[in-house]
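Just so you know, all these numbers are worked out from the coordinates, no wet-lab data involved. Keep in mind it's a predicted model, so treat the numbers as computed, not measured. Positions of Cβ are backbone-derived with ideal geometry, glycine not excepted, and every protein chain shown enters the neighbour counts.
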Protein chains: 2
Amino acid sequence: MYATIITIGDEILIGQIVDTNSAWMGNELNKVGVKVRQIISISDTDEQIKSTVKQLINDSDIVLITGGLGPTNDDITKQALCQLFGSELVVHEPTLEHIRQIFAKRGLPLTDLNALQAEVPSNCEVLHNRLGTAPGMWFQVDGKAVVAMPGVPFEMKAIMQEHILPRLLAISGGESIVHRTIQTFGLPESFLAERLTEWEAKMPNNIKVAYLPNPTSIRIRLSSSGPKKELLELEIQKQVEALMKIIPNNIFGHEDDTMASVVGDLLVEHDLKLAVAESCTGGTIAHLITQQPGSSRYFTGGVVAYANDIKISALGVDGHLIETHGAVSQQVVEAMANGVMHRFSTDYAIATSGIAGPTGATPGKPVGTVWVAVSSRHTAVSQMFSFGSNREQNILRSSVSALNMLRLLILSEKKMQ
Amino acid sequence: MYATIITIGDEILIGQIVDTNSAWMGNELNKVGVKVRQIISISDTDEQIKSTVKQLINDSDIVLITGGLGPTNDDITKQALCQLFGSELVVHEPTLEHIRQIFAKRGLPLTDLNALQAEVPSNCEVLHNRLGTAPGMWFQVDGKAVVAMPGVPFEMKAIMQEHILPRLLAISGGESIVHRTIQTFGLPESFLAERLTEWEAKMPNNIKVAYLPNPTSIRIRLSSSGPKKELLELEIQKQVEALMKIIPNNIFGHEDDTMASVVGDLLVEHDLKLAVAESCTGGTIAHLITQQPGSSRYFTGGVVAYANDIKISALGVDGHLIETHGAVSQQVVEAMANGVMHRFSTDYAIATSGIAGPTGATPGKPVGTVWVAVSSRHTAVSQMFSFGSNREQNILRSSVSALNMLRLLILSEKKMQ
């Protein structure tokens, strides 16, 4: 069963926003056995909406549309579909009542604009939008489905989960799609591919391999589809096990794991506490850690020591170390890690100090120079990195490299016990 | 002049990555007078690549393709275009030499896979990829252009800036597209639209208005196109000025401003220092501030006080306050702000304490309850927020609301001087 996703709105075409809805939808559709053939972003003009829907309905079983259902004048999806399917707008009473309740709950008057949200084409099935005022609409056209949803991500997600995905699961029938993703760190893409040449050559024809680099990891994805889900999963599992023997030290996680979630799981597993002392990463390590639900179980807190005198006063770094070696040095970063570990009474600590850029370079220390230390009650490990000239990338790479160093330190200490 | 963007790769269709390249390209193309008609993501299969390029070349003057040029087996864009345009792969010597130099500089051996990157279709013009091994390729087909680039964002951007955009600017001829964006905070979309009904009604027909909500702001975008750029800019400027009179307190910035960049500019302008004490936001405020280049001029640092005893030891909060009122309270958050302001010797401070979720709710304090305080040497302002149940959103909204409170406090104190 095939789907096409259409996102409507000039904001995507002129580059004002990035379309994150489609990626989420693609992922969820795969899980219910629906393959996405194309994702298309078009302008919010009447003519483009009608011609695109008309054309794409031939190529797939279901066309999913997001965007252009808001209360403002630039939102015209509803009107365009109404014309395309020869229908007219009528008030949908349950939706009007729902909108009234939303406004009453917030203690706000019901505006005319918002009441108009309850008007829907007479020939569609209304999909209740529990979290917002613009309902979803399901049109049945010559045995195919055309579904329109609001573009607000959490409203779209609720409508997909509550109304669309269960229905698609019921009608997609049989065919399963299985993906497995392995997260690697530390090997550039071409080196990884060279190391895996033989493994790839032996891969069964029905399993597809893809390398997906991002700024902080390279994911290896194995995909297969067929009628028997269990069989597909078994075949892929065999390949994953072979892979783990080839690059055991570079694999840090699976599927949607992040370096921060993997480190969090390790800390929980061994009942350990962590604190951070961040200079060049400026709070990003703490931010990545505390994005994880439940991080208060293992994360005590940290100090963002951006100014040198804060490194001294809040972390107890010896001022002479900074004078002698500079703030971006092994000595200072180890003192920062030790300082925060003792002051925050934790088992482990991470510290960073570097030159994120674009300014701040000194002779011998160009932009991108970063020192990272991780310390435990038994030892400290530190490393210098030379990243590039992009500030955001330097901050992110430093943060993830630091978390990886902590991961390796915990693993080595727990293995020795 | 019209463009279509094609991104190639299953990773987008199955939702494994979000396509950020197209948004950047759309934005840059607009600046040189090229309108993007569609953005299409397709699978990396030979047949889909060929049929999509063939079809879309009719609808626009230039087709820009990204992705599928990497060194691994799943990358087949080059082969597909070669077949489509009846060409054959030949070694491009300057590219081979460039690849050799890249590997020599890194002290790495040149692999066979990487040497293959120097093969290009014989009938294309090679666009030098200064930052990577896969070159761009420009095909001229029946008066239209088809251009392929690697999908790695910084490589694609360099090729666009150095080779493609200057050429398009030269041939797009005359037509200008002008966008202006106003960043607002604090009014939901429908209330904003109601307040602006009259302003919108008086808008000249050639100016298009769009409302673009995101989790932390609503942007109002004015767009117009025509032969005279200066005239368009003047017309739009008049509308912006009228808008600023209607909602002066809700406009915090323009174009790509973020709340953190606006606050940073204010601190620089008045030569002020800031520190933060974060509980529920867990480093996110520091992270947003230090994303800004030059933030060390005004940001001294902060404490992430996730555990209660860190609020006491690192910020000097009175333990009785926490016992009596709870960590999520006006009293504690004001004490945190004062504590970090004095310990870090700054002019202003921000503090947060709340329940980001999914766990941690207590009777009377559901998930989403957040206290924020901002303090100066003269006063402290605090406010309680009730956000929703989504952890990431609660953290982000708390952070941006806190920065907005600081913005308003600085503005009011500087106005009184």
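Side notes on the structure shown:
- For the protein assembly as shown, share of DSSP beta bridges that run antiparallel, in % to the nearest 5: 65
- Under the span-like rule (Cα at least 24 Å along the axis, Kyte-Doolittle mean at least -0.5), DSSP H helices of chain A: A:229-246, A:391-416
- Semi-axis lengths (Å, descending) of the ellipsoid that matches the C-alpha gyration tensor of segment A:8-92: 22, 17, 13
- Beta bridges per DSSP with both ends in segment B:2-172, % antiparallel, nearest 5: 40
- Alpha-carbon Debye profile of segment A:259-416, log10 I(q)/I(0) at 0.09, 0.12, 0.16 Å⁻¹: -0.25, -0.44, -0.80
- Using the Cα coordinates of chain A, the gyration tensor eigenvalues translate into equivalent-ellipsoid semi-axes of 48, 29, 19 Å, sorted from longest to shortest.
- Sorted from closest to farthest, the other copies place their B:HIS128 label points 6.4 nm away, with each point set 7 Å from Cα along Cα→Cβ.
- Relative to the current alpha-carbon distance between B:HIS270 and B:LEU408, full extension at 0.36 nm per residue lengthens the span by 48.3 nm.
- Using a Gaussian network model of chain A in which every pair of alpha carbons under 10 angstrom is joined by a spring, one finds that among A:SER329, A:SER313, A:SER376 the greatest mean-square fluctuation is at A:SER313.
- When A:ASP46, A:ASP74 are sorted by how many other C-beta atoms sit within 10 angstrom of their C-beta, beginning with the fewest, the order is A:ASP46, A:ASP74.
- Estimated [θ] at 222 nm from DSSP helical runs (n ≥ 4, -39500 (n - 2.57)) normalised by residues in chain B, nearest 500: -12000 deg cm²/dmol
- From least to most packed, judged by other beta carbons within 10 angstrom and beginning with the fewest, A:LYS415, A:LYS54 follow the order A:LYS415, A:LYS54.
- Charge dipole (Cα centre; +1 on Lys/Arg Cβ, -1 on Asp/Glu Cβ; no other charges) of chain B amounts to roughly 1100 debye.
- Under the Debye formula (equal points on every Cα, no solvent term), log10 I(q)/I(0) of the protein assembly as shown at q = 0.06, 0.09, 0.10 Å⁻¹: -0.42, -1.01, -1.27
- Note on segment A:2-172: Rg/Rh from Cα positions, Kirkwood definition for Rh, rounded to two decimals, is 0.95.
- Arranged from fewest to most other beta-carbon atoms within 10 Å of their beta carbon, B:ASP142, B:ASP61 become B:ASP142, B:ASP61.
- Length gained when the stretch A:GLN101-A:ALA242 is fully extended (0.36 nm per residue, less Cα-Cα span): 45.1 nm
- Positive-end extreme of charge dipole, segment A:2-172 - chosen from A:TRP24, A:THR77, A:SER60 (charges on Cβ): A:TRP24
- Between B:GLY253 and B:GLN183, the built amide H atoms are under 5 Å apart, and every one of these is 5 or more places off in sequence or on another chain.
- Note that segment B:111-118 has calculated 3J(HN,Hα) couplings of 8, 4, 4, 6, 5, 4, 4, 7 Hz, one per residue in order, obtained from phi through the Karplus relation 6.51 cos²θ - 1.76 cosθ + 1.60 (θ = phi - 60°); glycine and proline are x.
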